[in-house]
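Worksheet: the structure to be examined is printed underneath.
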Amino acid sequence: MAGGGGGPRSPLAALLGLLAAMGSLGALAGVTAVPEEKQRSVDLIENNCVYGNTKHEVNVYVKMFTNSPFLVCMDLARSQEEVIDPKYMWIGPDGKNLEGQMYVNLTETGKLMVMGFKESMSGAYTCSLSHKIIEVTTQEEREMFEAYKFMVYAYREADHAYQVFVRFTTKECELAANGQFFEELQKILNNIISDLTCHITESSYKCHSVKIPKQGLLHELFVTFQVNPFAPGWEAVCHRVPYDCEDVTNMRVEEARDRIGEFFSRQTYALKHEFQTVPTIHYVDNSFSVTRMDSCRPGFGKNDLTHKDCASCCVVCDPGTYSSNNEVTCRICTRPRVKKYGARSC
């Protein structure tokens with residue numbers, strides 16, 4: 001195998017040469033930017049307010065450790081009308097009156113905000129509204145009662161990882177250099193993303209014979225691996241950001257994915273411009289593909305049926321269900337003894 005300078009080069013030469021260029025991407029160890037917080041609700045949100053509905057309960061999704069929107073103890077139509085002598089009573093998931101509780105902001109107009117939301121705060125929030133109706137002609141007063149129910153759920157953003165698939169042409173499947181090449185490739189990719197506290201996991205390769213139109217039979221290495229954001233030391237990085245750090249973690253692994261994509265893109269350039277003779281093991285142009293893999297923290301899971309308005313969220317597990325370890329869905333307990341939200345075991 002001869003390189004551009006005419007000297008002998010190993011199958012790894014192109015990879016090793018490109019690695020040095022990757023250093024110009026710089027380190028992102030200090031990234032702490034967090035995307036703007038998003039509040040989700042089934043019903044109308046106006047000026048950070050969610051209105052009730054006497055006909056059905058209203059689902060509200062609150063990101064962990066943030067404040068909920070204001071829950072309004074009346075529907076939108078009622079809020080546009082004159083309300084005489086209104087009185088409000090809010091009851092929390094534990095069945096207790098919320099007036100005077102330190103973790104709520106309860107306004108004189110019946111709006112409720114739950115502050116610093118946690119798993120245990122999930123559940124039913126109900127409000128009773130009483131007000132008077134006065135007949136215009138007789139001035140007769142009648143007392144009216146209305147009830148509103150909000151189901152409020154804590155949620156997290158899903159943790160992201162990326163499954164990568166890429167192919168390399170090789171001389172033959174029994175070539176001793178194939179295994180060495182694969183090991184060196186992993187080291188190089190880990191080096192590229194190590195400053196992001198990301199790493200390569202679940203990596204493997206297989207060699208297959210492939211019939212290519214107009215080229216005959218070729219031997220190719222089918223390489224797959226996962227770009228994972230939880231390399232050793234990630235917890236220490238998270239301690240520098242408030243509360244949970246999935247936003248920052250997801251930003252890091254996205255950057256790692258982009259770096260690796262750029263790395264393989266440069267392989268194509270190197271083959272076309274740096275080699276007079278193509279190396280025995282070389283990248284198959286345009287074979288790079290990537291798929292995002294989501295997981296949820298323990299006590300949370302996705303459910304696009306129950307929580308269709310927050311289908312991409314990791315929503316707190318309902319009582320009677322649990323999620324033990326970075327799974328995607330909450331499992332049903334065989335013996336539903338769990339009565340709390342966010343259970344990690346039964």
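The values are calculated or read from the model by the stated rules, or taken from the named source; none is laboratory data. Just so we're clear, the structure is a prediction, and the values are computed from it rather than from any experiment. Glycine gets a Cβ as well: all are built from the backbone with ideal geometry, and neighbour counts include every protein chain shown. Note: accessible area is taken over every heavy atom of the protein model, side chains too, but ligands, DNA and RNA are not part of it. Shrake-Rupley method; radii C 1.70, N 1.55, O 1.52, S 1.80 Å.
Worth pointing out:
- Among (1) at positive phi; (2) in contact (Cβ under 8 Å) with a residue 40 or more places away in the chain - the single one Asp159 does not satisfy: (1)
- If the condition is being free of Cβ contacts under 8 Å to residues at least 24 places away in the same chain and assigned to a loop (DSSP other than H, G, I, E, B), then region 329-346 contributes Cys333, Thr334, Arg335, Pro336, Arg337, Val338, Lys339, Ser345.
- The lone exception for Met251 - which of (1) under 30 Å from Ser122 (Cα atoms); (2) at pLDDT 90 or above; (3) in contact with a strand residue (DSSP E or B) (Cβ under 7 Å, 6 or more places away or on another chain) it fails: (3)
- Taken over region 114-170, the criterion of being within 18 Å of Phe70 (Cα to Cα) and assigned to a loop (DSSP other than H, G, I, E, B) is satisfied by Met115, Gly116, Phe117, Lys118, Ser122.
- Residues in region 127-139 that are open to solvent by 50 Å² or more (accessible area, probe 1.4 Å) and at pLDDT 90 or above: Ser128 only.
- Looking across region 73-109, the residues that are under 22 Å from Glu143 (Cα atoms) and acidic (Asp, Glu) come down to Asp75, Glu81, Glu82, Asp85, Glu108.
- Test result for Gln186, more than 22 Å from the chain's Cα centre (by Cα), over 30 Å from Cys296 (Cα atoms) and of a type outside the set (Asp, Glu): no
- Cβ-Cβ under 9 Å pairs, at least 6 apart or on other chains, region 121-135 side closer than 19 Å to Asp94 by Cα, far side of a type in the set (Gly, Ala, Ser) and open to solvent by 60 Å² or more (accessible area, probe 1.4 Å): Thr126/Ala147; Cys127/Ala147; Ser128/Ala147
- Test: residue in region 203-221 that is basic (Lys, Arg) and in contact with a Phe, Trp or Tyr (Cβ under 9 Å, 6 or more places away or on another chain): yes
- Count of region 304-328 residues which are open to solvent by 60 Å² or more (accessible area, probe 1.4 Å), among the polar types (S, T, N, Q) and free of Cβ contacts under 8 Å to residues at least 40 places away in the same chain: 2
- Boolean, Val104 is free of Cβ contacts under 8 Å to residues at least 40 places away in the same chain and within 24 Å of Val315 (Cβ to Cβ): yes
- The residue that is modelled with the lowest pLDDT, counting only those in region 140-160 that are of a type in the set (Phe, Trp, Tyr) and either more than 22 Å from the chain's Cα centre (by Cα) or open to solvent by 30 Å² or more (accessible area, probe 1.4 Å) (or both), is Phe145.
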